[in-house]
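Asks: Next up is a structure, given as structure tokens.
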Amino acid sequence: MSNEQIERVTKKEYEWGFVTPIDSDIIPKGLNEEVIRMISTKKQEPDWLLDYRLKAFRHWLGLTEPVWPKVHYPPVDFQEISYYAAPKTDKDRPKSLDEVDPELLATYEKLGIPLHERAALAGVVGAESGGGEGLSGIAVDAVFDSVSVATTYKDKLSALGIVFCSFSEAVKEHPELVRKYLGTVVPHTDNFYAALNAAVFSDGSFVYVPKGVRCPMELSTYFRINASGTGQFERTLLVADEGAYVSYLEGCTAPQRDENQLHAAVVELIAMERAEIKYSTVQNWYPGDAEGRGGIYNFVTKRGLCAGARSKISWTQVETGSAITWKYPSCVLKGDDSVGEFYSVALTNNFQQADTGTKMIHLGKRTKSTIVSKGISAGRGQNSYRGLVRIARQAEGARNYSQCDSLLMGPDCGAHTFPYIEVKNTSSQVEHEATTSKISEDQLFYLRQRGISEEDAVNMIVNGFCKEVFRELPMEFAVEAQKLLEVSLEGAVG
Amino acid sequence: MSMLKIENLHATVAGKEILKGLDLEVKAGEVHAIMGPNGSGKSTLSYLLSGRDGYEATAGRVSYQGKDLLAMNTEERAAEGLFLAFQYPVAIPGVNNMYFLKAAVNAQRKHRGQPELDAVEFMALVDEKLRLVDLKRELLSRAVNDGFSGGEKKRNEIFQMAMLEPKLAILDETDSGLDIDALKAVADGVNALRSPERSSLVITHYQRLLDYIVPDRVHVLVGGRIVKSGDKSLALELEERGYGWIEKEVGAV
Ligand SMILES: Nc1ncnc2c1ncn2[C@@H]1O[C@H](COP(=O)(O)OP(=O)(O)OP(=O)(O)O)[C@@H](O)[C@H]1O
Ligand SMILES: [Mg+2]
């Protein structure tokens, strides 16, 4: 592919760059114990949670930012960030769409959220998403800035004993569950950003699926970063009890900003015996402009614990956004015969940098893990895969298969692979395959000779490259993900 | 009427001149065969005609259905009915063969101002053409040419040709490496397209194919130029005597 071709397809402005000027209730910038107490008070939290936050904060003070990821950015001034913002509309729930802030509705419009879902997303009393066909469709919990403004399908889910609500609500309604599991997979001492999150986390989602229950719909959350200069620190906790099944979708887009915004989320998954959790993400935070200005810093800690025998956790992610992504959704395979999976597409364009991958920690016997990572680099994008497969001495008969493919579009981008493998016994098997390829001129010519436009041909080849990951996504999400890749690469070839 | 008219074509690949004053005319309804030694420029000609990046015409003219072919981009040429059956069809992993074909058919229809085919209409067309080409249906649900055997790839090219119904089909050694049944399938595909408004340019090393596809003209391409043309008997003569005598004749000129 010629440089000129690449220019044409990768040049495309961020479609969803807009700011909703909603009045936010913002705590002054800066980070100290006072601010943490204020957050906790505003959220009317119990003492044990405030103690947890303070413990994390004190630990964080002794930490320094990690420098090992292959990403470069100016230092973040943690005192220049405001750690809490709640939309005012949260105080009085609107009775109908007419009462909903028109700015908020316009935001949904630009995001392409279907009409019938907007009322539910906006938290209109009595509104349900999905058009009311019973227990089908998607249940949506929107995190608008830091506070959930809507939780839908709750009644239907609660009839099955499923809890799906904002994290703050869970703290109020199910404190025993939150207290039992919070920090058990990602302890507050885990890493710099996880400690920061534990200290200042604003809100997020909570899911509990009881024994033997199969959640009948995809649970879904939309995240948005909105108020200027507000760091966003979500906390998600998802527990599937024995024999339970749940599929969770997380999707996000963020408005255009000139200054960099920090995003440091923590996601903890726990699967008990025979339980299965499928967690899918489409991430589209603002990547910065074509010159590399602005964009979101996305430093996330995501980890799942296969606590019980024969449990399974599967991460699928499509990462197209953020100026910097630092993210390793991992699985701790503790239960015997448990299974961990990681399917990832990461795209970097212009000046985007991604250092992403996974960790598979095999502790139980005959545990199995699969890693399929697809990295696409265009423009001056830098894409690194960093993966750790650790097989403990007691994990007899464990198996791992890893496949890392990189696709380069143009001469100025880069792909890097850092696989770390530690095997402590002789009965285990680890397989690693890696390829790096360019969008081939042969393939492009073949498709164009059949009448397919250059741009469609590039999209077809890229989608083909990502096929093994896309087919792991729920149907609607797969379509969305494909569209997102196309949008992200528009102008990248020509 | 002239389908393709090439006059004094000079062309370079990677700065090297490969075609050196090539003349060729194919009238509508005709089938022409091009033969010639390895490296004489046959594939170069087919790539140049279909608009591959890096193949540059430095002199001469090519008119296709009365239009300036060299002024059109690759996908326009395809939509205008120019089809190339590749000597080495490339695999495109992860891209479903059927999905790709539907995109191609509809892109071409769109270009011609015809309504796009929906899934049902498209499948009906697939069924019709499958009978003609005898391609294993299973290959349609796999990724384009991915893991196909050599013969399967060539059959897939002919199946695409049947689906797209081109005005001018260029077959670059589609017969190489085929068993006798596949060879007949290729010939059936080409013969099915024969009509007063369609033409084919068949590049081959073996006169065997020409027993099934009887050409109106046979041309010999040597050193980037058509050095000799004749009827079908020329192919037989080449098979018997090789290219040496022609090269000598040309050298003597
Ligand atoms: N990219 C390239 N760079 C340099 N030389 C090239 C390139 N492509 C083709 N050539 C040269 O052009 C000449 C003609 O090649 P071409 O493939 O057209 O031959 P051909 O007649 O199709 O041969 P064959 O019968 O073996 O298929 C050869 O000498 C070849 O090496
Ligand atoms: Mg050739």
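The values are calculated or read from the model by the stated rules, or taken from the named source; none is laboratory data. Keep in mind that what you see is a predicted model, and the values were worked out from it rather than measured. Neighbour counts are summed over all protein chains in view; Cβ atoms, including those assigned to glycine, are modelled from backbone coordinates with ideal geometry. Each accessible area value is taken on the protein alone, full model and side chains, heavy atoms only, with ligands, DNA and RNA left out. Shrake-Rupley method; radii C 1.70, N 1.55, O 1.52, S 1.80 Å.
Asks: Might you let me know whether the stretch B:90-108 holds any residue that is polar (S, T, N, Q), in contact (Cβ under 8 Å) with a residue 60 or more places away in the chain and more than 7 Å from chain A (Cβ to nearest Cβ)? Explain how you work it out, then say what you get.
Replies: Step one: list which residues in the stretch B:90-108 are polar (S, T, N, Q), which gives B:96-97, B:106, B:108.
If we keep only those that are in contact (Cβ under 8 Å) with a residue 60 or more places away in the chain as well, we get none.
No.
Asks: For the stretch B:161-199, enumerate the residues that are away from ligand 1 (no atom under 16 Å from the Cβ), within 14 Å of chain A (Cβ to nearest Cβ), within 12 Å of the chain's Cα centre (by Cα) and not charged (D, E, K, R).
Replies: Result: B:M161, B:P166, B:L168, B:A169.
Asks: Taking helices (runs of 4 or more DSSP H) that do not extend beyond the stretch A:413-494, which have at least 1 residues that are more than 22 Å from the chain's Cα centre (by Cα) and of a type in the set (F, W, Y)?
Replies: Result: A:441-449.
Asks: Please go through (1) under 17 Å from B:P166 (Cβ atoms); (2) open to solvent by less than 30 Å² (accessible area, probe 1.4 Å); (3) within 16 Å of ligand 1 (Cβ to nearest atom) for B:T74 and return the number of the only condition it doesn't satisfy.
Replies: So B:T74 meets the others, but not (3).
Asks: Same structure, new question: Kindly check whether there is at least one residue in the stretch A:436-447 that is touching a residue at least 12 places away in the same chain (Cβ under 8 Å), of a type in the set (A, V, I, L, M) and away from every other protein chain (no Cβ under 14 Å).
Replies: no
Asks: Kindly indicate which of B:K102, B:K42, B:K27 is touching a Ser or Thr at 6+ places or on another chain (Cβ under 7 Å) and surrounded by 15 or more Cβ atoms within 10 Å (Cβ to Cβ).
Replies: Of the residues listed, the single one that is touching a Ser or Thr at 6+ places or on another chain (Cβ under 7 Å) and surrounded by 15 or more Cβ atoms within 10 Å (Cβ to Cβ) is B:K27.
Asks: Output the residues belonging to the stretch A:268-301 that are more than 23 Å from A:V479 (Cβ to Cβ) and at pLDDT 95 or above.
Replies: Result: A:E268, A:L269, A:I270, A:A271, A:M272, A:E273, A:R274, A:A275, A:E276.
Asks: Continuing with this model, one more query. Scan A:L408, A:L388 and give me the residue that is in a strand (DSSP E or B) and farther than 19 Å from A:P329 by Cβ. Spell out how you get there, then give the answer.
Replies: Details: A:L388 fails: farther than 19 Å from A:P329 by Cβ.
Just one listed residue meets the conditions, A:L408.
Asks: Can we say B:I18 is outside any loop (DSSP other than H, G, I, E, B), more than 25 Å from B:D231 (Cα to Cα) and within 14 Å of ligand 1 (Cβ to nearest atom)? Lay out the reasoning, then the answer.
Replies: Values: outside any loop (DSSP other than H, G, I, E, B): yes; more than 25 Å from B:D231 (Cα to Cα): yes; within 14 Å of ligand 1 (Cβ to nearest atom): yes.
Yes, satisfied.
Asks: Hey, another quick one. Which ones in the stretch B:85-118 are part of a loop (DSSP other than H, G, I, E, B) and of a type outside the set (G, A, S)?
Replies: B:F86, B:Q87, B:Y88, B:P89, B:V90, B:R112, B:Q114, B:P115, B:E116, B:L117, B:D118
Asks: Could I ask something else about it? How about the stretch A:411-435: which of its residues are closer than 30 Å to B:R52 by Cβ and either touching an Asp or Glu at 6+ places or on another chain (Cβ under 8 Å) or within 14 Å of chain B (Cβ to nearest Cβ) (or both)?
Replies: A:T435
Asks: Scan the stretch B:30-48 for residues that are within 6 Å of ligand 1 (Cβ to nearest atom) and in a helix (DSSP H, G or I) and jot them down.
Replies: B:K42, B:S43, B:T44
The rows are residues; the columns are (1) within 14 Å of chain A (Cβ to nearest Cβ); (2) within 11 Å of ligand 2 (Cβ to nearest atom); (3) of a type in the set (F, W, Y).
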site	(1), (2), (3)
B:K20	no, no, no
B:D23	no, no, no
B:G29	no, no, no
B:H32	no, no, no
B:G36	no, yes, no
B:Y47	yes, yes, yes
B:S50	yes, no, no
B:D53	yes, no, no
B:A57	no, no, no
